[in-house]
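Novice: Once you've had a glance at the structure underneath, I'll fire off some questions.
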Amino acid sequence: MDPIKEAMLHRSKAAKLERRGRWISFTCISIIVLVVVAIFSFVATRGLATFFDNKVNLWSFLSKTTWSPAVKDAHGAPQVGALPMIVGSFGVTFLSAIVATPFAVGAAIFMTEISPQVGKRVLQPVIELLVGIPSVVYGFIGLSVVVPLIRNVFGGTGFGILAGTFVLFVMILPTVTSMTVDALSAVPRHYREASLALGGTRWQTISKVVLRAAMPGILTGVVFGMARAFGEALAVQMVIGNAALLPQNLISPASTLTSVLTSGIGNTVMGSLENNALWSLALLLLLMSLAFNLLIRWIGKKGEMK
Amino acid sequence: MKKQVITSRDVHLFYGDFEALTGIDLAFNEHEITAMIGPSGCGKSTYLRILNRMNDLIPNVKITGDIELEGKNIYAPDTDVVQLRKQVGMVFQQPNPFPFSIYDNVVYGLRLAGVKDRAQLDEAAETSLKAAAIWDEVKDKLHESALSLSGGQQQRVCIARVLAVRPEVILMDEPTSALDPISSTQIENMLLELRSQYTIILVTHNMHQASRISDKTAFFLQGRVVEFDDTKKMFLNPKEKETEDYLNGRFG
């Protein structure tokens, strides 16, 4: 047969490689998708069982303040009010983000605008080191330094949202800082030149142009930090006091969704109400991190439009 | 004899050990357009950036010589660089509007200077955009992002942004090299209009642009000025052999 015709009828080696590569990457991504779907559906079926099998009212789950799934109230309904944990989780998350953001932005401005030399050589490694410290170490330091300090200064036990905020502040600081650094260095040089050429001082240039242009990136960093704070379990559990009570102030023992989960999940029987109630908390956590993710995407999209 | 706004004597510039400018003597007359031409890397943009001290941003640069703006040495230790840059504005090669609205771009310099009065800002925005010949195209969308405009429109907004600060001198670093011919012509015509009020110093790659709009031309080659004269004289009757070769396209 004509060699050209023969070549046309057979798939070339390059085309075969192409197909194989596509097949391999498709397999990988399907496995990942499958795992995510499996986790979601598992947590969802367990978490929803509280409401469907055990007939707990969704609204009372979100708004009641008594958390003792093993005990029934006067009407025979189980007492699974998750509000104390929800308040605790959001409390430490927002407070730590509020405290960390000014420090992170300040450090990032220093590292990108004021002294990139020192920033790269000294601060960058320090921040990377902070990311690498295991959370149990943060929790341990919080337990042995922060909690006694708060006890001595403000009284009480020292455990509570304030201690949690302190520990989380240090933990999310590197995340927010390094993302802010990325956002600031992504601001094109010519914006700075244009501002300086119009008679802007360095501070005016940073505050009016660089920070403004980098705002979507900075917000993304803050939300990433919040997502990390919201999901952090161990370190928070060590310093927050683990009392499932609605926090009255920042230094009374409290709890978060994660701290109740880590301390409770080993002590319940699979399929029981106590166990299902914990899964409901886990579902709530999962939905919240989904919300944080969507928020990050939304901010990113809004930033692009400009 | 016209008034000289900027004079430079024996200006040398070093990047580390490399001498990029080797003794530049130039003087720029008030309300004239001076073009600086020359092949890539000849030092014309570097020289331009000396005049509003934009080279200060680059590490390892050393500048010697005497550059005076209205009789005051701009490299004297007591020079207020911020004030200098308000007097000597700059338009860059790539249109570089801020990612803000057109209006916010134009009044940026005034806001930096502390102007808060809305009526004053509105008026300055309108005057500057009109002077930059772009008012008619943007007057209905002043509060839309400047990045939504075309390249030529962005460059004119950038020029309006400089005009709003009311500088005495405007430096332009190849302001039309990133633009299409029609946008370039619009900007050239605008520059001819602006000449009556501003001293314009223009770096250009385009000899024809220099011959069309400039009053005087300086030809740069390898860090020195080969020839500096009235544009007409220089283009019709260059004194130096190198200038003639360059103008005839034998190199560059």
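Novice: Give the Debye-formula value of log10 I(q)/I(0) at each listed q (0.08, 0.09, 0.10 Å⁻¹), with one equal scatterer per alpha carbon of the protein assembly as shown, two decimals each.
Specialist: -0.76, -0.85, -0.92
Novice: Now a separate question. Kindly provide the helix-only [θ] at 222 nm of the protein assembly as shown, computed as the sum of -39,500 (n - 2.57) over DSSP H runs of four or more divided by all residues, to the nearest 500 deg cm²/dmol?
Specialist: Numbers: 24 runs with 297 residues, N = 558.
So the helix-based figure for the protein assembly as shown works out to -16500 deg cm²/dmol.
Novice: Which pairs, out of B:K86/B:K233; B:K86/B:K139; B:K2/B:K130, put more than 31 Å between their alpha-carbon atoms? Mind showing how you got there, number by number?
Specialist: Working: B:K86/B:K233 33 Å; B:K86/B:K139 26 Å; B:K2/B:K130 28 Å.
Where the Cα-Cα span goes over 31 Å, the pairs concerned are B:K86/B:K233.
Novice: Rounded to the nearest 20 debye, what is the charge dipole size of the range A:83-305 about its Cα centre when +1 sits on each Lys and Arg Cβ and -1 on each Asp and Glu Cβ? It would help to have the intermediate numbers written out before the result.
Specialist: Details: 12 positive and 7 negative charges, 125 e Å.
It comes to approximately 600 debye.
Novice: Please turn the phi angles of the range A:221-234 into ³J(HN,Hα) values with the Karplus equation 6.51 cos²θ - 1.76 cosθ + 1.60 (θ = phi - 60°), one per residue in order, whole Hz, x for glycine and proline.
Specialist: Whole-Hz 3J(HN,Hα) from phi for the range A:221-234: x, 5, 5, 4, x, 5, 4, 5, 4, 5, x, 5, 10, 4.
Novice: Counting only other chains, and only Cβ atoms inside 10 Å, what mean value do you get across the residues of B:96-102? All intermediate terms of the calculation are to be shown ahead of the outcome.
Specialist: Details: counts 9, 3, 10, 10, 5, 0, 0.
Taking the mean over all residues of the peptide, I get 5.
Novice: Taking the Cα centre of the range B:4-247 as origin, work out the dipole magnitude from +1 charges on Lys and Arg Cβ and -1 charges on Asp and Glu Cβ, in debye rounded to 20.
Specialist: On the way: 25 positive and 35 negative charges, 68 e Å.
Charge dipole, the range B:4-247, about its Cα centre: 320 debye, nearest 20.
Novice: Among A:C28, A:P3, A:T50, pick out the residue whose Cα is farthest towards the positive end of the charge dipole of the range A:1-53, where Lys and Arg carry +1 and Asp and Glu carry -1 on C-beta, about the Cα centre.
Specialist: Farthest along the dipole direction, towards plus: A:P3.
Novice: Related question: Please tell me the relative contact order of the range B:124-205 in percent, rounded to the nearest whole number, where contacts are Cα pairs under 8 Å and at least six residues apart. Don't skip to the end; give the middle numbers.
Specialist: Numbers: 75 pairs, mean separation 28.5, N = 82.
Dividing the mean separation by the residue count of the range B:124-205 yields 35 percent.
Novice: Taking every Cα atom in the range B:1-145, find the radius of gyration and the maximum pairwise distance Dmax, and write them in Å.
Specialist: Over the range B:1-145's Cα set, Rg and Dmax evaluate to 18.0, 53 Å.
Novice: How high is the relative contact order of chain B, given as a whole-number percent (alpha carbon pairs under 8 Å, six or more residues apart)?
Specialist: In percent, rounded to a whole number, it is 28.
Novice: If you roll a 1.4 angstrom probe over the protein chains with everything in place, what fraction of the accessible area of chain B belongs to carbon and sulfur, to the nearest %?
Specialist: Numbers: 5260 of 11110 Å².
Carbon and sulfur atoms account for 47 percent of the accessible area of chain B.
Novice: With the other protein chains left in place, how much accessible area per residue, in square angstrom, belongs to the range A:1-53 at a 1.4 angstrom probe?
Specialist: 88
Novice: Can I ask one more? Considering only DSSP beta bridges whose two residues both sit in the protein assembly as shown, what percent are antiparallel, to the nearest 5? Each step should come with its number before you reach the end.
Specialist: Details: 29 of 47 bridges.
Here the antiparallel bridges make up roughly 60 percent for the protein assembly as shown.
Novice: Express the Stokes-Einstein translational diffusion coefficient of the range A:1-53 in µm² s⁻¹, to the nearest whole number, given a Kirkwood radius over alpha-carbon pairs, 10 °C and a viscosity of 1.306 mPa s. Don't skip to the answer; put the middle values down first.
Specialist: On the way: Rh = 14.9 Å.
The calculation lands on 107 µm²/s.
Novice: On to the next question. Let me spell out the model: positive unit charges on the Cβ of Lys and Arg, negative unit charges on the Cβ of Asp and Glu, origin at the Cα centre of the protein assembly as shown. What dipole size does that give, in debye rounded to 20? Write out the running numbers ahead of the final one.
Specialist: Working: 52 positive and 47 negative charges, 332 e Å.
The dipole of the protein assembly as shown has a size of about 1600 debye.
Novice: Next question, about the same structure. Provide the packing ranking of A:289-295, B:127-133, A:84-90, i.e. peptides ordered by the mean count of other C-beta atoms within 10 Å per residue, highest first.
Specialist: Details: A:289-295: 13.9, B:127-133: 20.4, A:84-90: 22.6.
Put in order of decreasing packing, that is A:84-90, B:127-133, A:289-295.
Novice: Right, something else. What percent does the relative contact order of chain A come to when contacts are Cα pairs within less than 8 Å and at least six residues apart? Mind showing how you got there, number by number?
Specialist: Details: 407 pairs, mean separation 74.6, N = 306.
Relative contact order of chain A: 24 percent.
Novice: Based only on Cα atoms, what mean projected area does the convex hull of the range A:199-258 have, in nm²?
Specialist: Details: hull surface 24.9 nm².
Mean orientational projected area (the range A:199-258, Cα hull): 6.2 nm².
Novice: How crowded by other chains is A:54-64, given as the mean number of beta carbons from other chains within 10 Å of each beta carbon? Write out the running numbers ahead of the final one.
Specialist: Numbers: counts 0, 0, 0, 0, 0, 0, 0, 0, 0, 0, 0.
Taking the mean over all residues of the peptide, I get 0.
Novice: On to the next question. If the convex hull of the alpha-carbon atoms of chain A is projected onto planes in all directions, what is the mean projected area in square nanometres?
Specialist: Numbers: hull surface 104.1 nm².
If I average the Cα hull's projected area over directions, I get 26.0 nm².
Novice: A further question follows. As a test of the definition: with a 1.4 Å probe, what buried accessible area, both sides summed, do you compute for A against B, in Å² to the nearest 100?
Specialist: Values: alone 17650 and 12030 Å², together 27780 Å².
Roughly 1900 Å².
Novice: Would you mind giving the mean number of other chain beta-carbons within 10 Å of the Cβ of each residue in A:128-138, as a whole number?
Specialist: Working: counts 0, 0, 0, 0, 0, 0, 0, 0, 0, 0, 0.
Mean shielding count: 0.
Novice: Ok, one more. What does the C-alpha gyration tensor say about the overall shape of the range B:36-118? Classify as rounded when a/c is under 1.5, otherwise prolate if a/b is larger than b/c, or oblate.
Specialist: Values: a/c = 2.45, a/b = 1.40, b/c = 1.75.
In terms of gyration-tensor shape, oblate.
Novice: In whole Å, how far is the Cα centre of the range B:115-164 from that of the range A:275-306?
Specialist: 41
Novice: Given the range B:4-247, what percent of its DSSP beta bridges are antiparallel, to the nearest 5?
Specialist: Numbers: 26 of 43 bridges.
Percent antiparallel among DSSP bridges in the range B:4-247 is about 60.
Novice: In whole Å and largest first, what semi-axes does the C-alpha gyration tensor of chain B yield when each eigenvalue is scaled by 5 and square-rooted? Write out the running numbers ahead of the final one.
Specialist: Values: eigenvalues 185, 94, 52 Å².
Ellipsoid semi-axes (Å, largest first): 30, 22, 16.
Novice: Residue farthest toward the positive end of the dipole of the range A:97-198, with Cβ of Lys/Arg at +1 and Asp/Glu at -1: which of A:L184, A:I150, A:A100?
Specialist: After comparing all options, I get A:I150.
Novice: Pull out the extension gain between A:T157 and A:Q124, defined as 0.36 nm times the separation in residues minus the alpha carbon to alpha carbon distance; nm, one decimal.
Specialist: Details: separation 33, 0.36 × 33 = 11.88 nm, distance 3.63 nm.
Result: 8.2 nm gained on full extension.
The values are calculated or read from the model by the stated rules, or taken from the named source; none is laboratory data. None of these values were measured; they are calculated from a predicted model. So basically every Cβ, Gly included, is an ideal-geometry build from the backbone, and we count neighbours across all protein chains shown. Quick note on the areas: whole protein, heavy atoms, side chains included, nothing else; ligands and nucleic acids left out. Shrake-Rupley method; radii C 1.70, N 1.55, O 1.52, S 1.80 Å.
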